[in-house]
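The values are calculated or read from the model by the stated rules, or taken from the named source; none is laboratory data. Because the structure is predicted, anything quoted here is derived from the model rather than measured. Positions of Cβ are generated from backbone atoms using ideal geometry, with glycine treated the same way; all protein chains shown enter the neighbour counts. The accessibility values were calculated without ligands, DNA or RNA, using every heavy atom of the protein model including side chains. Shrake-Rupley method; radii C 1.70, N 1.55, O 1.52, S 1.80 Å.
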Amino acid sequence: MGLALWLAAALFIAMAGVLTAGVASATEAPPITQMAIGQIKKVTGQAAILRSGERRPANVGDMLFVKDIIETGSDGGIGITFIDNTVFSAGPSSQIAIDEFLFDSNDFRGAMLAKMRQGTLAVVSGDIARSSPGAMKITTPTAQLGVRGTTFAVQVYGDR
Amino acid sequence: MLLLTGCPRQALFVVLPNAEGGGVGAITVEDGKTVTTLDQPYATAESRAGSTAPSEETQGNISVIFRSAIAARPILPHHFRLYFILGSDKLTPESQAAYRAVFDDVKQRPVYEIEVIGFTDTLGDLPSNEALSLARAAAIRDALVRDGLDRQAISIAGRGKRDLLVPTADQTPELRNRRVEITVR
């Protein structure tokens, strides 16, 4: 009985140790790819975020992560601010993938690559585009856009 | 709109008037063969199947094509500077009034993120200025939280005397360097 109790206690302590270790590692600085890179600030009609193959409805206040794909329905619109103060807003039937996003808030430098497959996108560029010419790029099926600043728009239309 | 089934993908690029009221920006469009630079408001280029050329699009057409995308634009990020009394984390009287403008700006936004970075002038040693700059940022955060804003949405940092707004010699009191820089988005 005493032994069983001791074993149970030992097991409990061991498990607590594992749990604590798990909690500790979860509160350490996450890798850059796991950090939120933006926030959804405005949604009209249908809008969704495609993340790891899963489509979830976009809600005001949701965070955005690198590799997310922004989608809007035929009546949809979405407005996003990024941590470098770049602002994206997309009109209906749009699909835009955030393929790369790096930003150092100490020196305001970084790099961003967005891939636009269809729809309309209005942009007000932020610190990344300001840090160096060519740091921010948007690709479309036919050409690549390099951003020097600040306010511009892109439409991708026609069939695949 | 312009969904032409059966056509290859095409793209339209346009420079818009600066939404922040500053100078006109510029974009480049590269298709592997040519580089087209657009640097005037409402200048446009079209690309299709590996060929890009500047195009003529009326301001009216541009407004129609991008109406929904521009309507979806959230309130743009805004920047503020507040100044402090020498050696203190207390705002100057002028900046106490300016603080209200920061608060009012935040209140317009359905959701918000706030970044507060503290700075000092060059008076005093490095460690005490590091601490003071962080204390200034924390004081502003605490005021915003007292006024009802979400603590989770506010990040703070201190840069000590490493990042002067106005370059001075060491050990120089300078009001414009005793500041926090606030970004609201």
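Tell me the residue from B:A45, B:A53 that is over 30 Å from B:Q96 (Cα atoms) and surrounded by fewer than 21 Cβ atoms within 10 Å (Cβ to Cβ), please. Spell out the reasoning first.
Details: B:A45 fails: surrounded by fewer than 21 Cβ atoms within 10 Å (Cβ to Cβ).
Criteria check complete, one pass: B:A53.
Exactly one condition in (1) closer than 19 Å to A:I83 by Cβ; (2) within 14 Å of another protein chain (Cβ to nearest Cβ) is false for B:R141; which is it?
Status for B:R141: all satisfied but (2).
When you check B:A131 against the structure, is it more than 14 Å from chain A (Cβ to nearest Cβ), outside any strand (DSSP E or B), without any contact (Cβ under 8 Å) to a residue 40 or more places away in the chain and among the aliphatic types (A, V, I, L, M), yes or no?
On the way: more than 14 Å from chain A (Cβ to nearest Cβ): yes; outside any strand (DSSP E or B): yes; without any contact (Cβ under 8 Å) to a residue 40 or more places away in the chain: yes; among the aliphatic types (A, V, I, L, M): yes.
Spelling it out, B:A131 is indeed more than 14 Å from chain A (Cβ to nearest Cβ), outside any strand (DSSP E or B), without any contact (Cβ under 8 Å) to a residue 40 or more places away in the chain and among the aliphatic types (A, V, I, L, M).
Would you mind telling me which numbered condition in (1) hydrophobic (A, V, I, L, M, F, W, C); (2) out of contact with any Pro (no Cβ under 9 Å at 6 or more places or on another chain); (3) surrounded by 14 or more Cβ atoms within 10 Å (Cβ to Cβ); (4) outside any loop (DSSP other than H, G, I, E, B) B:A19 fails?
(4)
List pairs: first residue in the stretch B:171-185 and under 22 Å from A:I83 (Cα atoms), second residue of a type in the set (S, T, N, Q) anywhere in the structure, Cβ distance under 7 angstrom, at least six positions apart or on different chains.
Here the result reads B:T183/A:N85; B:R185/A:T81; B:R185/A:N85, each pair linking the stretch B:171-185 to a residue that is of a type in the set (S, T, N, Q).
Against the condition in contact with a strand residue (DSSP E or B) (Cβ under 6 Å, 6 or more places away or on another chain), free of Cβ contacts under 8 Å to residues at least 12 places away in the same chain and of a type outside the set (F, W, Y), how does A:P92 come out, does it pass? Don't jump to the end; show me each part of the working.
Details: in contact with a strand residue (DSSP E or B) (Cβ under 6 Å, 6 or more places away or on another chain): yes; free of Cβ contacts under 8 Å to residues at least 12 places away in the same chain: no; of a type outside the set (F, W, Y): yes.
For A:P92, the condition - in contact with a strand residue (DSSP E or B) (Cβ under 6 Å, 6 or more places away or on another chain), free of Cβ contacts under 8 Å to residues at least 12 places away in the same chain and of a type outside the set (F, W, Y) - is not met.
Please go through (1) open to solvent by 30 Å² or more (accessible area, probe 1.4 Å); (2) at pLDDT 95 or above for B:L3 and return the number of the only condition it doesn't satisfy.
Going through (1) open to solvent by 30 Å² or more (accessible area, probe 1.4 Å); (2) at pLDDT 95 or above one by one, B:L3 breaks only (2).
In the stretch A:70-108, what count of residues is obtained for those that are within 28 Å of B:H79 (Cβ to Cβ) and either at pLDDT below 95 or facing chain B (nearest Cβ under 10 Å) (or both)?
Within the stretch A:70-108, residues that are within 28 Å of B:H79 (Cβ to Cβ) and either at pLDDT below 95 or facing chain B (nearest Cβ under 10 Å) (or both) number 20.
State yes or no: is A:T150 within 15 Å of B:L12 (Cα to Cα), in contact (Cβ under 8 Å) with a residue 24 or more places away in the chain and facing another protein chain (nearest Cβ under 10 Å)? Step through it out loud before you land on a result.
Values: within 15 Å of B:L12 (Cα to Cα): no; in contact (Cβ under 8 Å) with a residue 24 or more places away in the chain: yes; facing another protein chain (nearest Cβ under 10 Å): yes.
The answer is no for A:T150.
Can you tell me which residue in the stretch A:34-69 is nearest to the other protein chains (Cβ to nearest Cβ), limited to those that are assigned to a loop (DSSP other than H, G, I, E, B), surrounded by fewer than 14 Cβ atoms within 10 Å (Cβ to Cβ) and of a type outside the set (S, T, N, Q)?
A:G61
Looking at the stretch B:57-108, which of its residues are of a type in the set (K, R) and surrounded by 16 or more Cβ atoms within 10 Å (Cβ to Cβ)?
First, the residues of the stretch B:57-108 that are of a type in the set (K, R): B:67, B:73, B:81, B:90, B:100, B:107.
Within the stretch B:57-108, B:R73 is the sole residue that qualifies.
Any chance you could count how many residues in the stretch B:44-78 are assigned to a loop (DSSP other than H, G, I, E, B) and modelled with pLDDT under 95? Give the steps one after another, and end with the answer.
Going through the stretch B:44-78, the residues assigned to a loop (DSSP other than H, G, I, E, B) turn out to be B:49-50, B:56-58, B:66, B:72-77.
If we keep only those that are modelled with pLDDT under 95 too, we end up with B:49-50, B:56-58.
So the count comes out to 5.
Residues that are under 30 Å from B:R179 (Cβ atoms) and more than 7 Å from chain A (Cβ to nearest Cβ): does the stretch B:67-78 have at least one? Talk me through it step by step, then tell me what you get.
So in the stretch B:67-78, the residues under 30 Å from B:R179 (Cβ atoms) come out as B:73-78.
With more than 7 Å from chain A (Cβ to nearest Cβ) added as a condition, the list becomes B:75, B:78.
Within the stretch B:67-78 (the criterion being under 30 Å from B:R179 (Cβ atoms) and more than 7 Å from chain A (Cβ to nearest Cβ)), the answer is yes, since at least one residue qualifies.
Has the stretch A:128-145 got at least one residue that is within 17 Å of the chain's Cα centre (by Cα), free of Cβ contacts under 8 Å to residues at least 12 places away in the same chain and more than 11 Å from chain B (Cβ to nearest Cβ)?
Within the stretch A:128-145, none of the residues are within 17 Å of the chain's Cα centre (by Cα), free of Cβ contacts under 8 Å to residues at least 12 places away in the same chain and more than 11 Å from chain B (Cβ to nearest Cβ).
Looking only at the stretch B:4-37, how many residues end up being under 29 Å from the mean Cα position of the chain (by Cα) and more than 8 Å from every other protein chain (Cβ to nearest Cβ)?
Within the stretch B:4-37, the first condition is being under 29 Å from the mean Cα position of the chain (by Cα), and the residues that meet it are B:11-30, B:35-37.
Subset that is more than 8 Å from every other protein chain (Cβ to nearest Cβ): B:21, B:23-24, B:35-37.
Here the count works out to 6.
Can you say whether B:P173 is within 23 Å of B:P77 (Cβ to Cβ), open to solvent by 60 Å² or more (accessible area, probe 1.4 Å) and not in a helix (DSSP H, G or I), as far as the supplied structure shows?
Numbers: within 23 Å of B:P77 (Cβ to Cβ): no; open to solvent by 60 Å² or more (accessible area, probe 1.4 Å): yes; not in a helix (DSSP H, G or I): yes.
No: the conditions fail for B:P173.
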